[in-house]
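Report on the following structure.
The values are calculated or read from the model by the stated rules, or taken from the named source; none is laboratory data. Nothing here was measured: the structure is a model prediction, and the numbers come from that model. Quick reminder, even Gly has a Cβ in these numbers, built from the backbone with ideal geometry, and neighbours come from all protein chains shown. The area values use the complete protein model at the heavy-atom level, side chains included, leaving out ligands, DNA and RNA. Shrake-Rupley method; radii C 1.70, N 1.55, O 1.52, S 1.80 Å.
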Amino acid sequence: MGVDIDDVSLCSHPIPPRRDQSVSHIQSHNYEPDESEIWRAHVAQQHFKNRGQWWTTGKKRSIKRWLLTMIIGAIQAVIAYLSNIVCRKLSDWKYDYVLELLRHKNGAESDTLGGNNIGDDLYAWQGDGAEVDDVSGNAASTTVFFNFGGSAFLAFLFFQTLFALIASFFVYLEPVSGGSGIPEIKCFLNGIDLPRVVRIKTLICKVVGVTFSVAAGLPVGKEGPMVHSGSVVAAAVSQGKTKLWGIDTSFTKFSDFRNDREKRDFVACGAAAGVTSAFGAPIGGVLFSLEEGASYWSTKLTWRCFFCAMITLGTLFGLKNLNNAWGQANIENMFSFGEFNSLTGEASNFAIWENINFMFIGCLGGLIGAVFNAANENLTIWRMKWVNHSKQKRVVEVLIISMLVTTVSFIMPMVWDRCTDKPTDMQDWSNQEKNLVDALVQFQCEDGQYNEVASLIFTDADTAIKQLFHFREAGIDDASTFSSAALFLFFIPYITLATIVYGIAVPSGLFVPSLLSGAAFGRLCGHLLHKLDHTSGTFADSGTYALMGAAAVLGGMARMTISLTVILLEATGDMQYVLPLMLTLMCARFTGNVFNEGLYDIHIKLKGIPFLEPEVPSITEKYEIIASQVMSTDVKCLRPIERVGVVYDLLRTCSHGTFPIVDNDTSGTLFGTASRDMLCTLLQRKAYTTARAVDDGNGHGLSSSSKRVSPLVQWDTLERVYPRYPTVDDIDLRSADRDCLLDLRPYANTAPYTINETASIQRTYRLFRTLGLRTLCVVNHTNQVVGIITRKDLLPDSLSTSLLRGRSYSENNQIGEFA
C-alpha cells in the first residue's frame, strides 16, 4: 500500500472510513513530547546550562513541583472549609426559621383549640401580617421579607426553591459544573481532553453551586464536587494562568509544568486533596485517586498525592481549631462520622459470626445500588432526549424537582405523627451522644419530645448520619431512638428522591445521600435482628449495622472497595471495623456487578466519552482482531515541505488531531507526524517563505534538501500558548500566501510510536493505553503509513463494528470473484 502524495495529501485505501460522530469532537491528551529538532535543541540547551552546576534545572523543577503541590492542598482546604461554613449557616437559618414558624403556630393552636394538629399547615395563610416570635420568646425579632402568612410549609418551599434555583443558575452559566464531577475527572485522568473541565469558571460555579444545592435540602452531597474542585485548583495552580481573570505568570517559571503530563499528575494530587477535604481521610484520598481516578500511576506520584493530602488535612485541622490553637483538639473535629468506641470495654462491638450478617447486608446493598444505577440510567437517557438539550428546560426541571423534594420532605414528618420522648438517663453517655440528642428536631411535638422522621430531614446530612451511627440501641430493653417504621418511612422516599435528583442541573455528589440512606437501611436491619432476639446483646448494636449499611449502599452504587474501606475507617477512627467493612464492600461490589456497572462508569458511557478501561475489551477473547481491522484509513498525509494552501485547506476540511508526514523521496515512507496545534501555530505566526526561495517550484524533492526553507520558530515559542493553541479560525491567510512553502522538518515528531498492521489488538491496546498515546500510526512492512489508530477505534463498540465491516468487505470480495 503506497501513498499517493502527488495528487492529494491523503493516504487512501479501499475500506471506507468510519467514525463515531457522537464523540468526534473530543480530543485526547498528548502525554509524550514530540521529539522534533527544535525540542532536541531546547533539551540540549538545558543540558549545557546544567554542566558543572549544583543547582540544576531538575532540582529547581522538583522544588517548584513540591511547592505547588503544597499550595494546592492548602487552597483546597480553605475552599472546603468556607463552603462547609456557608452551607451550614444557610441550612441552620432555613431550618430555624421554619421550625420557629411551626412552634409559633402550634402554640397559637394550643391556646385556641387545645390541640396539636398541624395538618392544615400546607394551606395556612394568615393575612394579618403577624410577625414571628424568636426562639427566646422575644416578639417580632425574626422577619424575612414577609412571614409567609404564618405557613411553615410556604417558608420551607420558598427557601428550598430559592437555593435550588441559585445552584441551577451557576450550572446555567457553566454546564460542566453540574453533577458530581467525578466522571469528568476520571476521564481527564484517563487522557481525554474534555472542554472546560478544569477552568477557574468551572471551579467557582461548582463550589458556589454545590453550597446552595446542599443548603436547598436536596438529597445531594459536597464530596464529589470537592474532588472536582481540588482537581481544578491543581490544574490552575500548576499552569500559573487563567483566562477568566486574565492572569498569566511568567512562562519561564511554569514552562516545565505547562504540558499534559504534568497537568495530569497535578490533577491527580488535587483529586486526593478533594477527598481529604470532604471526609478528613488523607490515605483514603490517595487510594481514591489511585483506584477511581488516575489511569497512569507511579511511585513518585504516590508521594506527591500523600504530601498534598497531608497539607490539606493539616490546613483543615488548623482552621477547625482556630479557637484552640495551643490546646488539645476537639475529637469531633478529627473524625467526620464522629468517634466510634467499644461499648463493652475491650471487646469489639460485634461477634465474629456476625461477619456473615454483614456480608448479607453487603449483598443487599449491592442489589440496592444496582437498582439505583439502573433507575438513574434510564432517567438520564430520558433527560438527554427531552431536557438536557435546553438550558431553560433544565432550570424548569430543577424548579419542579425542588418543589417535589420540599413537599415530600415536609409531608413525611407530618405522616409520622408520633412524638417520642428524648432520652433523659444519659449519665454514662459521651458528650458526642448528648450533643446528638440536643440536635433531635421537635417539629410539632411538645418540649422534651422529638419527631423521629423530622430529626433525619430537618437537619444537615452529616448530623443525621451521626445520629444513625451513634445512638445506642442494642436490644429491646433499650430505648429506641429511631423506630423501624420511622427508618423505613425515611429510607424509601429519600433514596427514591436521590435517584431522581442525580443528573439535574445542580452540582451534586452522591456520597452523602448513599451513606445516609444506607445508614437508615443498616439500622433498620439491626432493629429487625433485635426484634427476632428476645434477649439483649445477641446481635451488635444498631449503630454498627448502620455503618455496614452505609458502606453497602455506597459500595453498591460506586463499586469502590479499597479506597472506600480506608475512607470509612479514617472517618470513624475505629480499626475494629476493618474486616466487616472489607467483607461488606466486596459483597456489595460482586453483587452489583452481576447486574450493571458503577454509576460513574454508566454516566461516562451515556455521554459517549471514549474511556479506555485497564483491561482489553472482552470481545478480543472471542475473535482474532489485528490492527489493520480497527485502524482508521481516512488518513491525511503531508510532505516534509508543504504548500501553505494545502495545509490550510486540510485544517479546514477535517478535524484530525495528527497528520503523518511522508517522504516522497523514499516511496512515501513515514518521516514523522505533525500535530494540529503545531500547524495552526506555525500558520498564525507565518513561519513560511515564498516558493522562489526554493529551486524546485513544484515542491518535488524538497524533503531531501538540506536548506531550511522557512523561518525557525523555537520550541518555547510554540508551547507558550498551551493549552489554548490557535485554531484554524484564528489564521489570517492572504491569497498570496497560499503558494508559500512551510518547512515541517524542524517541527515534525521524527520518532512517533508505530505498530505493524499485522499486530494483534491486544498488543495494540496495551501499547496505546500504557503509554497514554494520542494517536498510533499503523505501517506496513516497508514503513509506509496504511492507517492511524485513536482511542475511539479501541472502544468495544468500535471493535465490534470493525469486525462487521471486515466480514462485509471480505464477503463482497468473494461475491465479486465468483461473479
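Suppose we filter Ile492, Ile476, Ile504 for residues that are at pLDDT 90 or above, surrounded by fewer than 24 Cβ atoms within 10 Å (Cβ to Cβ) and either closer than 17 Å to Val210 by Cα or of a type outside the set (Asp, Glu) (or both); which single one remains?
On the way: Ile476 fails: at pLDDT 90 or above; Ile504 fails: surrounded by fewer than 24 Cβ atoms within 10 Å (Cβ to Cβ).
Answer to the selection: Ile492.
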Between a first residue in the range 665-679 that is touching a residue at least 60 places away in the same chain (Cβ under 8 Å) and a second residue that is open to solvent by 30 Å² or more (accessible area, probe 1.4 Å) and part of a strand (DSSP E or B), which pairs have beta carbons less than 7 Å apart while being 6 or more apart in sequence or on different chains? Leu670/Thr754
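Considering only the range 528-545, how many residues are in a helix (DSSP H, G or I) and surrounded by fewer than 24 Cβ atoms within 10 Å (Cβ to Cβ)? Break it down into steps so the answer makes sense when it comes.
First pass over the range 528-545, keeping only residues in a helix (DSSP H, G or I): 528-532, 542-545.
Going one step further and asking which of them are surrounded by fewer than 24 Cβ atoms within 10 Å (Cβ to Cβ), we end up with 528-529, 531-532.
Summing the residues that are in a helix (DSSP H, G or I) and surrounded by fewer than 24 Cβ atoms within 10 Å (Cβ to Cβ) in the range 528-545 gives 4.
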Asp663 is checked against (1) at pLDDT 85 or above; (2) crowded, with 16+ Cβ neighbours inside 10 Å; (3) more than 29 Å from Arg791 (Cα to Cα) and fails just one. What number does that condition carry? (3)
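Across the range 742-785, what is the number of residues that are small (Gly, Ala, Ser) and either more than 19 Å from Pro617 (Cα to Cα) or in contact with a helix residue (DSSP H, G or I) (Cβ under 7 Å, 6 or more places away or on another chain) (or both)?
Initial filter on the range 742-785 (small (Gly, Ala, Ser)): 748, 751, 759-760, 772.
If we keep only those that are either more than 19 Å from Pro617 (Cα to Cα) or in contact with a helix residue (DSSP H, G or I) (Cβ under 7 Å, 6 or more places away or on another chain) (or both) as well, we get 748, 751, 759.
Residues that pass the stated criteria total 3.
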Considering only residues that are within 24 Å of Leu290 (Cβ to Cβ) and open to solvent by 10 Å² or more (accessible area, probe 1.4 Å), which ones fall in the range 197-225? Val198, Leu203, Lys222, Glu223
Among the residues of the range 427-471, how many are open to solvent by 30 Å² or more (accessible area, probe 1.4 Å), in a loop (DSSP other than H, G, I, E, B) and either in contact with a strand residue (DSSP E or B) (Cβ under 7 Å, 6 or more places away or on another chain) or not hydroxyl-bearing (Ser, Thr, Tyr) (or both)? 9
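Results for (1) open to solvent by 10 Å² or more (accessible area, probe 1.4 Å); (2) touching a residue at least 24 places away in the same chain (Cβ under 8 Å); (3) closer than 17 Å to Met359 by Cβ, shown as yes or no for each residue.
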residue: Leu547; (1), (2), (3): no, yes, yes
residue: Ala550; (1), (2), (3): no, yes, yes
residue: Leu554; (1), (2), (3): no, yes, yes
residue: Ala558; (1), (2), (3): no, yes, no
residue: Val566; (1), (2), (3): yes, yes, no
residue: Ala571; (1), (2), (3): no, yes, no
residue: Leu583; (1), (2), (3): yes, yes, yes
So Ser706 clears everything in (1) surrounded by fewer than 19 Cβ atoms within 10 Å (Cβ to Cβ); (2) out of contact with any strand residue (DSSP E or B) (no Cβ under 8 Å at 6 or more places or on another chain); (3) of a type in the set (Ser, Thr, Tyr); (4) at pLDDT 90 or above except one condition, right? Which one? (4)
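To keep it simple, each residue is scored yes or no on (1) among the hydrophobic types (A, V, I, L, M, F, W, C); (2) closer than 26 Å to Thr750 by Cβ; (3) open to solvent by less than 20 Å² (accessible area, probe 1.4 Å).
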{"site": "Pro610", "(1), (2), (3)": "no, no, yes"}
{"site": "Glu615", "(1), (2), (3)": "no, no, no"}
{"site": "Ile619", "(1), (2), (3)": "yes, no, no"}
{"site": "Thr633", "(1), (2), (3)": "no, yes, yes"}
{"site": "Leu682", "(1), (2), (3)": "yes, yes, yes"}
{"site": "Ala691", "(1), (2), (3)": "yes, yes, no"}
Surrounded by 13 or more Cβ atoms within 10 Å (Cβ to Cβ) and modelled with pLDDT under 85: does that describe Asn50? no
Could you say whether any residue in the range 638-650 is modelled with pLDDT of 90 or more, closer than 21 Å to His29 by Cβ and open to solvent by less than 20 Å² (accessible area, probe 1.4 Å)? no
Looking at this structure, is Thr424 polar (S, T, N, Q) and either in contact with a helix residue (DSSP H, G or I) (Cβ under 6 Å, 6 or more places away or on another chain) or surrounded by 15 or more Cβ atoms within 10 Å (Cβ to Cβ) (or both)? no
Looking only at the range 342-390, how many residues end up being acidic (Asp, Glu) and open to solvent by less than 30 Å² (accessible area, probe 1.4 Å)? 1
